[in-house]
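Colleague: Please read through the structure below; I'll follow up with questions.
The values are calculated or read from the model by the stated rules, or taken from the named source; none is laboratory data. Predicted, not measured: the structure shown is a model, and the values here were computed from it. Quick reminder, even Gly has a Cβ in these numbers, built from the backbone with ideal geometry, and neighbours come from all protein chains shown. Ligands, DNA and RNA are stripped out before the accessible areas are found, and what is left, the full protein with its side chains, is counted by its heavy atoms. Shrake-Rupley method; radii C 1.70, N 1.55, O 1.52, S 1.80 Å.
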Amino acid sequence: MKIKLELFGASKDLADKEFLEINIEEKSSIKDLRNEIIKYIDNNFEGNENFKKLIKSSAFCSEDDNIVSESYKITKNQKIGIIPPIGGG
């Protein structure tokens, strides 16, 4: 399946556009998507640890703008938003 990952805040540094297209297996979870983004960072940013920390601490939202948990199942091609933390601490 193809996910259009909408980038917000600091996650916009991951691409030249406002989204990334990520391929995932059918019925993958947000946890699986997060792991695919980490692989993308390893391949495209030489494993940049700051980007990885950003992804690990970010929330995700479904295409109907609801925050979703790690176990949320993605069952179709869709948009998923990544919402990094704002500010410190």
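Colleague: Among the candidates I22, I86, single out the residue that is of a type outside the set (G, A, S) and part of a loop (DSSP other than H, G, I, E, B). Before you say what the answer is, go through the steps one by one.
Modeller: Numbers: I22 fails: part of a loop (DSSP other than H, G, I, E, B).
Answer to the selection: I86.
Colleague: Determine, yes or no, whether I30 is in contact with a helix residue (DSSP H, G or I) (Cβ under 9 Å, 6 or more places away or on another chain) and surrounded by 14 or more Cβ atoms within 10 Å (Cβ to Cβ).
Modeller: Working: in contact with a helix residue (DSSP H, G or I) (Cβ under 9 Å, 6 or more places away or on another chain): no; surrounded by 14 or more Cβ atoms within 10 Å (Cβ to Cβ): yes.
No, not satisfied.
Colleague: Any residue in the stretch 52-72 that is assigned to a helix (DSSP H, G or I) sitting within a Cβ distance under 7 Å of a residue that is among the hydroxyl-bearing types (S, T, Y)? List the pairs, counting only those 6 or more apart or interchain.
Modeller: Cβ pairs passing all conditions: L54/S11.
Colleague: Turning to a different aspect of this structure: Restricting attention to the stretch 54-73, which residues are open to solvent by 60 Å² or more (accessible area, probe 1.4 Å) and within 10 Å of the chain's Cα centre (by Cα)?
Modeller: Quick first cut of the stretch 54-73, residues open to solvent by 60 Å² or more (accessible area, probe 1.4 Å) only: 56-57, 63-67, 69-73.
Residue satisfying the conditions is K56 alone.
Condition check ((1) touching a Leu at 6+ places or on another chain (Cβ under 9 Å); (2) surrounded by 14 or more Cβ atoms within 10 Å (Cβ to Cβ)) across all residues:
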site: K17; (1), (2): yes, no
site: L20; (1), (2): yes, yes
site: I24; (1), (2): yes, yes
site: K52; (1), (2): no, yes
site: I80; (1), (2): yes, yes
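Colleague: Which one of these does E6 not meet: (1) open to solvent by 80 Å² or more (accessible area, probe 1.4 Å); (2) in a strand (DSSP E or B)?
Modeller: (1)
Colleague: Condition check: assigned to a helix (DSSP H, G or I), out of contact with any Ser or Thr (no Cβ under 6 Å at 6 or more places or on another chain) and either of a type outside the set (S, T, N, Q) or over 18 Å from N77 (Cβ atoms) (or both). Does I37 satisfy that?
Modeller: yes
Colleague: Please count how many residues of the stretch 33-50 are surrounded by 11 or more Cβ atoms within 10 Å (Cβ to Cβ) and on the phi > 0 side of the Ramachandran plot.
Modeller: 1
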